[in-house]
Amino acid sequence: MFSNEYVQLRMAKAEKLKESGLNPYDHYSKRDTKISEFFEKNKDISKLENKRDESKKFIVAGRVKFLRLMGKAAFFKIEDESGILQVYMSKNDLGESFNLLKKTLEVGDIVEIKGYPFVTKTGELSIHADNVRILTKAIHPLPEKFHGLQDIETKYRQRYLDMIMNKQTRERFKLRSKIVSLIRGFFLNKGFLEVETPMLHTVVGGANARPFMTHHNALDIDMNLRIAPELFLKRLIVGGFEAVFELNRNFRNEGIDHTHNPEFTMLEFYWAYHTMDDLMNLTKELFDYLFEKLNLPKKLQFRGMEIDFDKWQTITYKEALVKIGNIPENILENVDEMKKYLENAGVKIEEHIDSKGKLWAELFDAFVESKLIDPTFVTEFPVEISPLARRSDKNPEFAERFELFIAGREIANGFNELNDPLDQYERFKAQLEAKAKGDEEGMDMDYDYIRALQYGMPPTAGEGIGIDRLVMLLTNSESIKDVILFPTMKPKKEIFDQDDIK
RNA sequence: GAGCCCUUAGCUCAACCGGCAGAGCACCUGACUCUUAAUCAGGGGGUUGUGGGUUCAAUUCCCACAGGGCUCACCA
């Protein structure tokens, strides 16, 4: 673990500090100024006659990023969360301490500087050190200073290193944090109540996906990590809460690729006495709010596409198939002809896909989804693929449901909630039948949920928004791993080291 | 799940048709009191992802495995 040649050399330097009575892992820092504050407070130093103010003292701290040692003086740059600052130190000012620093200070170390502001000959506002303390000795060398860390795998596996080396990474995750807190604020302002429902479930439901299974020892029961919070949130509506949201993790035991991580963040919100039209308006309002607060251009660049967030559209599922997917309208009522059409296009169809609605969904995925670039609400979903949505009064084949597509991807999914307990019972039964036919993503029968609906759920509309994908969109990120701090990775075998067992 | 590609020093990358594994940064020694990827002189550092195979000879060709990336399929 510590056998690397460079680590050994740096450990020897830490030892040298100890021998001089200095703790290479000292805890107490007297930092009184962030680097951004240092720049703010000293921006006028260059106007002074000798370009320095020895009467002002600041204590700053940060990680050494560049180091230029000369015979009796040195320049180095330290970086804290707020910025990067050049330090000048000389033997004149530091005496013997300078010699020790020359032998022990390295790029990567965390240091504390006490000094005064001055401007160098080349015009850079810097700090002139009276005192330099190594607070934390880094014994692992950093990647190369010019090219930085390039290896994609290392960026994901050692995010801390990615963060040390790449400011864009730090900025991207700060932006994610800001987006999440803006969304929270938006819903709280609208009177929604933030709640936390279980992540350990005993019934699989709320979405169509394969769950992670686990076991509770004391109760001796199998449990699954939730694939969605939906059914619990709607129980809260039954209980009398009229507007709730939950913004947290879901877990799905499925493939990993650049848009899927086994754990991902989902916003779900439920709004009693409102309709899906209210949801669509609210969604648009949320996007406008985010664009305004984040100061983003309404014509957003994403993966080579330009998305116009002033051009929101609404289209029905059937219209989308015909007008955007260019599918002949006359085959849309004929299961066999749709199957033939899909097979001719090379789409393989699983056996449990045997109804008009499910085939529409296959056609939609194959021919429509990727073409929906500007924000588009698709409405009038087939009822078979919408097991929790209210059936349309006008046409019982359709559910009162919409999905929002942006940049060829589903971003949100919402509907008027099904609150007829009998209809819900039948829909669950259809899920069980699909599961029996081999659909591994079918829901379980949730008896308690049916019971809850028997008590009466007021007319309610609910929606889910995938936060990771939203953040990808707003940060122009290619991979979901770029917006998740610690993405799921297959563990890498660490090389066995004899020293570790001694 | 399928196809294609990648893995060489701590990091970023070379190595032509199979012929002694190199460079820059970093590191070590020395010089240097205003440098900006500091500079100058010298030096050390490698089981080429792992395991097999072909060959006089393999970073290079073949096979398997591991990890990663991209594309397609499925899912959000």
Residue exposure sequence - A:Glu433, A:Glu362 - by fewest surrounding Cβ within 10 Å: A:Glu433, A:Glu362
Overall form of the range A:336-424 per C-alpha gyration tensor (a/c, 1.5; a/b vs b/c): oblate
Relative contact order (%) - the range A:273-353, alpha-carbon pairs under 8 angstrom, separation at least six: 10 percent
Between the range A:427-473 and the range A:246-272, the alpha-carbon center distance in angstrom: 14 Å
HN-Hα J in Hz across the range A:364-375 - Karplus 6.51, -1.76, 1.60, θ = phi - 60°, x for Gly and Pro: 4, 4, 7, 10, 10, 3, 5, 8, 8, 8, 5, x
Extreme residue, positive dipole direction of the range A:5-142, given options A:Val60, A:Met11, A:Thr120 (C-beta unit charges): A:Thr120
GluC sites (Glu not before Pro) lying in DSSP loop within the range A:119-185, provided at most 10 other Cβ fall within 10 Å: A:Glu144
Karplus (6.51, -1.76, 1.60) ³J(HN,Hα), θ = phi - 60°, over the range A:35-47, in Hz, Gly and Pro reported as x: 4, 4, 5, 4, 5, 4, 6, 10, 5, 9, 4, 5, 7
In order through the range A:234-241: 3J(HN,Hα) via Karplus (6.51 cos²θ - 1.76 cosθ + 1.60), integer Hz, x for Gly, Pro: 6, 4, 5, 5, 4, x, x, 5
Footprinting exposure proxy for A:Phe187, A:Phe39, A:Phe146 (fewest neighbouring C-beta atoms within 10 Å first): A:Phe146, A:Phe39, A:Phe187
Kirkwood Rh, Cα atoms: Rg over Rh of the range A:279-349: 1.17
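For a quick protection proxy, order the peptides A:41-50, A:75-84 by their average other-Cβ count within 10 Å, most packed first. Walk me through the numbers before you get to the answer.
On the way: A:41-50: 12.1, A:75-84: 17.6.
Ranking the peptides A:41-50, A:75-84 by packing returns A:75-84, A:41-50.
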Mean Cβ neighbour count within 10 Å, used as a protection proxy, ranking A:203-213, A:295-305 highest first: A:203-213, A:295-305
Distance from the range A:358-393 to the range A:1-62 (C-alpha centre basis), Å: 58 Å
Expected 222 nm ellipticity per residue - DSSP helices of 4 or more, -39500 (n - 2.57), all of chain A, to 500: -9500 deg cm²/dmol
A:Glu417 long-range amide H proximity, modeled H, under 5 Å: A:Arg390, A:Thr460, A:Ala461, A:Gly462
Net charge over other residues, Cβ less than 10 angstrom from the Cβ of A:Leu22 (K, R count +1; D, E count -1): +2
For A:Asp130, residues with placed amide H under 5 Å, excluding near neighbours: A:Lys114, A:Gly115, A:Tyr116
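When a footprinting reagent is the concern and you count Cβ atoms within 10 Å, what order do A:Ser20, A:Ser477 take, fewest first? Let's see the in-between values first.
On the way: A:Ser20 12, A:Ser477 20.
Ordered by Cβ neighbours within 10 Å, fewest first: A:Ser20, A:Ser477.
Which value, in debye to the nearest 20, describes the size of the charge dipole of the range A:399-502 about its Cα centre when Lys and Arg Cβ atoms bear +1, Asp and Glu Cβ atoms bear -1, and nothing else is charged? Please report the intermediate quantities before stating the final value.
Numbers: 13 positive and 22 negative charges, 42 e Å.
About 200 debye.
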Farthest positive-ward along chain A dipole, Cα basis, beta-carbon charges - from A:Phe98, A:Gly464, A:Ser181: A:Phe98
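If you wrap a convex hull around the Cα atoms of the range A:5-142, how much volume per residue is inside, in Å³? Working shown, then result.
Values: hull volume 15.0 nm³, N = 138.
Here the figure is 109 Å³ per residue.
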Packing-based ranking, highest mean first, of A:389-400, A:188-199 given that Cβ atoms within 10 Å are counted: A:389-400, A:188-199
Amide proton proximity set for A:Ile227, modelled H, under 5 Å, gap of 5+: A:Gly205, A:Phe251
Mean Cα-pair separation over length for the range A:230-378, i.e. relative contact order, pairs under 8 Å, 6 or more apart, %: 20 percent
Size of charge dipole - the range A:5-142 - debye, nearest 20, with Cβ of Lys, Arg +1 and Asp, Glu -1, no other charges: 260 debye
Net dipole in debye of chain A [+1 Lys, Arg Cβ; -1 Asp, Glu Cβ; about Cα centre; nearest 20]: 3220 debye
Contact order normalised by residue count of the range A:5-142, Cα under 8 Å, 6+ apart, percent: 30 percent
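Readers should treat all values here as calculations from the given coordinates under stated rules, not as data from a laboratory. Worth saying up front: this structure is predicted, and the values here are computed from it rather than measured. Here the Cβ is made from the backbone with ideal geometry for all residues, glycine too, and neighbour counts use every protein chain on show.
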